[in-house]
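Heads up, the thing below is written out as structure tokens.
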Amino acid sequence: MQDEHTTTRGARAYLSYIGIGLAAGLLSGLFGVGGGTIIVPMLVLLLGFDQRRAAGTSLAAIVPIATVGVISYAVSGSVSWVAALILAVGAVVGAQIGTRLLPRISQRALLWGFVGFLALVVVSLFFVIPSRDAELDLTWLTGLILAVVGVFTGILAGLIGVGGGIIVVPALMLGMGVSDLVAKGTSLLMMIPTAVSGTIGNVRHRNVDLVAAAVVGVSACTTTALGALIAARIDPFVGNMLFAAYLLYIGYQMSRKALRAKS
């Protein structure tokens, strides 16, 4: 049996970490997501990580990835700091609810429900094109909506491990009419406190490979800004279509999980 240290520390392993990081960073900057949907499956498939350790390592890598992404979007003023704070607080609360509900709810039903949600978002992306000039008008009502979106995002994260960007970006663009760039920058910012908090917990429970997370995260930082630059340069409709393609990939992965999940 091959030693775990050999499979996660050899030359092949480090090259894999770098490749995973480059891909995750580009997607993170381009779509405003953490990149976990790339990092987790690649760690499992290429390096034999178990699912829990892969998720913990991915969460730690997201901290530098999201930080660089936020800086990239903030330079052009495409971040709503207050909105991100509200979303993050809601997500922390929601994650606690999600983890408590986990044993009581059918995973198969949850996964299929989420796939259906993604299908609706993908269809909407063809018809609702965000304006680059649209800004988020923060009122008591929009603040309440953001809190609800944050809680919903956290619940899904606790139940099926879905990252915030897949929920937050469409919610801000389609539901609140925010610019696609502001939605992505705000989404990345709200991930940072959640990722830091989760990483601290994972370190305590030894569910994270900090060396792997560091290599993936640093590698990703070299392409995150490029992804954000591409997002700013392409037409919003093209951005929508690329995001739709990404969501279709996520839907495919979730469908496979749903077919294998217990009722």
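Nothing in this text is a laboratory measurement; each read-out follows from the coordinates by a stated rule. In this text, all values refer to a predicted model and were calculated from it rather than measured experimentally. Here the Cβ positions follow ideal geometry from the backbone for every residue, glycine too, while neighbour counts run over all protein chains shown.
Note on segment 212-263 and segment 1-73: Cα centroid distance 13 Å, given to the nearest whole angstrom.
With Cα atoms defining each centre, segment 159-199 and segment 99-155 are spaced 9 Å apart in the structure. Mean-square fluctuations from a GNM of the chain, with a 10 angstrom spring cutoff on Cα atoms, peak among Leu87, Leu144, Leu45 at Leu45.
Since only Val168, Leu229, Gly158 are under comparison, the one whose Cα sits farthest along the positive direction of the charge dipole of segment 118-263, derived from C-beta charges on Lys, Arg, Asp and Glu, is Gly158. Rounded to whole numbers, the Karplus 3J(HN,Hα) couplings from phi for segment 52-69 are 5, 5, 5, 5, x, 5, 4, 4, 5, 5, 5, 4, x, 4, 5, 4, 5, x Hz, using 6.51 cos²θ - 1.76 cosθ + 1.60 with θ = phi - 60°, and x at Gly and Pro. Couplings for segment 115-132, taken from phi via the Karplus curve 6.51 cos²θ - 1.76 cosθ + 1.60 with θ = phi - 60°, read 4, x, 4, 4, 4, 5, 5, 4, 4, 4, 4, 7, 10, 10, 9, x, 7, 5 Hz in order; Gly and Pro are left as x. Farthest towards the positive end of the charge dipole of the chain, among the residues Gln107, Ala11, Gly251, is the Cα of Gln107, using unit charges on the Cβ of Lys, Arg, Asp and Glu. Taking every alpha-carbon pair under 8 Å whose residues sit at least 6 apart, segment 4-260 reaches a relative contact order of 40 percent.
Take the Cα radius of gyration of segment 46-120 and divide it by 2.2 N^0.38 Å, N being the number of residues; the result is 1.44. Could you please report the charge total around Gly201, scoring K, R as +1 and D, E as -1 over all other residues with beta-carbon less than 14 angstrom from its beta-carbon? With Lys, Arg at +1 and Asp, Glu at -1, the net is +4.
Assuming charge only on the beta carbon of Lys and Arg (+1) and of Asp and Glu (-1), the dipole of segment 4-260 about its Cα centre is about 880 debye to the nearest 20.
In the elastic network of the chain, a GNM with C-alpha springs shorter than 10 Å, the most mobile of Met190, Met173, Met241 is Met241.
Here segment 22-39 is scanned for amide nitrogen atoms under 19 Å from the site 7 Å beyond the Cα of Leu15 along Cα-to-Cβ, giving 22-24.
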